[in-house]
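Derivation of every value follows stated rules applied to the coordinates shown; laboratory data play no part. Fair warning: this is a prediction, and the values are worked out from it, not measured in the lab. No Cβ is skipped: glycine too gets one built from the backbone with ideal geometry, and neighbour counts run over all protein chains shown.
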Amino acid sequence: MACESEGRLLHGYFDGELDLVRTIEFEEHLKACPDCARELSEQQAMRQSLRSSNLYERAPESLRARILADLPVGKVQPKPIPMGRRYVLELLAAAIVIAVIVGARVMPNIAGRQQANLLAQEVVASHIRSLQPGHLFDVQSTDQHTVKPWFDGKLDFAPPVTDFASQGFPLVGGRLDYLDNRDVAALVYQRQKHLISVFIWPAESRPAKLPETQTIQGYNLVFWWRDGMYFCAASDLNVPELRQLAQLLGQ
Amino acid sequence: MGQNGTFEQVVLPHLDAAYNLARWLVRNTHDAEDIVQEAYLRAFKFFGSFQGGDSRAWVLKIVRNTSYSFLEKNRLVDLAEEFDETIHTAIAELPGAEAALLQSADSRMLRDALEELPVTFREVVVLRELEGMSYKEIAEVMDVPIGTVMSGLARGRSQLRERLLRAREREVQRGLRK
């Protein structure tokens, strides 16, 4: 059993549902509490069993057919409402005006969101490509004083490069990458056996439409903006730990 | 027509999720099929009032309500069952041993243990672990605050864990007698 004091947060932590502050607090607690650590490993074991046991019940095909036959889907047309032709024309004109106003407000929003999604897809693709043999580094070094100067003259900005080995995120190298139609810096960090790509490029203002975290094809992404640079960390590492690195990098 | 597409586009893709939830709530395939069919008719009727947003949660909420009506009508809702979650099984006092046991639980044992859970705990575990929903989505389906989802999961998982450990223990004892 988890302990009394913090045990109630254990499930929120296990499900990645705690906010950043509580996540960090719980991780501090976890280091000192063997009961919670044990409970967490048991919950992990049980989740693995649950997910590998084919317990999900899919709908039989016959049910799908029954429902389709049952529903008036595609069979019933809405009854036309009788009204004068002039009235219809006025209504149509009003509808067009409304559509234009709504469209003007909604479109940039949609466009922004699609752009954000595209970028997230690009980030994941870059990260996956980097994991293929020979693509991870252009410069392989755990020394920030080797990695940072390596970027000089290759980019039109100087990315911040810091090693966080003592906090459990050793720097292992860096490479040039291409995202969002420009050259970007990619730093590679390691957390136990997980590799993390941190992409960095200049952005004058905080982009409004980007989500803080996203999950695509099993990879977690954390985005943030700081001092005129845009950051995105991508990894198969869980979100709370990825956020920890983001914090170290100044999220 | 709803806000963001037709009934076919918005509601039909969640048929597996609907069936999975109904099947775990009523615990048999025949009733689950009837319930999903009824829920889909209701969803079709109310589709005009769907405001857009999370369509899976919207559909599952209807399936859940239909399932509960069925359980209540047939007096199948388990009375709040007393279950002592703190009893420790005699097995496995060694650190890590329980985790190993839980990991080795087979499908049939898991299915039985999950089916035995009181319906509210079963529901929250199914939505989280099988359907992979967030607390916010689960709260929407069950119409409860997010805190209730977290405490429900804590108790549901704790009961599931104890049931699994007991089942393993019985199995080991039977094995020893042979």
Handout entry: Separation in nanometres of the label points that stand 7 Å from Cα toward Cβ, at A:Glu90 and A:Leu118
Key = 4.4 nm
Exercise for the section: May I ask you to list the GluC sites (Glu not before Pro) in region A:134-243 that are in a DSSP loop and have at most 12 other Cβ atoms within 10 Å of their Cβ? Expected result: A:Glu204
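In what order do B:Lys61, B:Lys73 fall by count of nearby beta-carbon atoms within 10 Å, going from fewest to most?
On the way: B:Lys61 18, B:Lys73 9.
Arranged by neighbour count, lowest to highest, B:Lys61, B:Lys73 become B:Lys73, B:Lys61.
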Problem - Amide H partners (placed H, <5 Å) of A:Ser235, local residues excluded - result: A:Asn220
Practice task
Quick one: what are the phi-derived ³J(HN,Hα) couplings along region A:46-54, Karplus 6.51/-1.76/1.60 with θ = phi - 60°, whole Hz, x for glycine and proline?
Solution key: 5, 4, 4, 4, 4, 7, 9, 10, 6
Handout entry: Percentage of interatomic Cα-Cα distances in region A:116-248 larger than 20 Å
Key = 39 percent
Problem - For region B:116-161, convex hull volume per residue from C-alpha positions, Å³ - result: 60 Å³
Practice task
Enter the mean projected area of the convex hull around the alpha-carbon atoms of region A:7-46, in nm², rounded to one decimal.
Solution key: 2.5 nm²
Practice task
Could you please rank A:Cys232, A:Cys33, placing first whichever residue has the fewest other Cβ atoms within 10 Å of its Cβ?
Solution key: A:Cys33, A:Cys232
Handout entry: aspartates and glutamates whose Cα lies under 18 Å from that of A:Lys154, excluding same-chain neighbours fewer than 8 positions away
Key = A:Asp138, A:Asp177, A:Asp180, A:Asp183
Problem - For region A:8-20, 3J(HN,Hα) per residue [Karplus equation, 6.51 cos²θ - 1.76 cosθ + 1.60, θ = phi - 60°, Hz, x = Gly/Pro] - result: 5, 7, 4, 6, x, 5, 4, 8, x, 10, 8, 6, 4
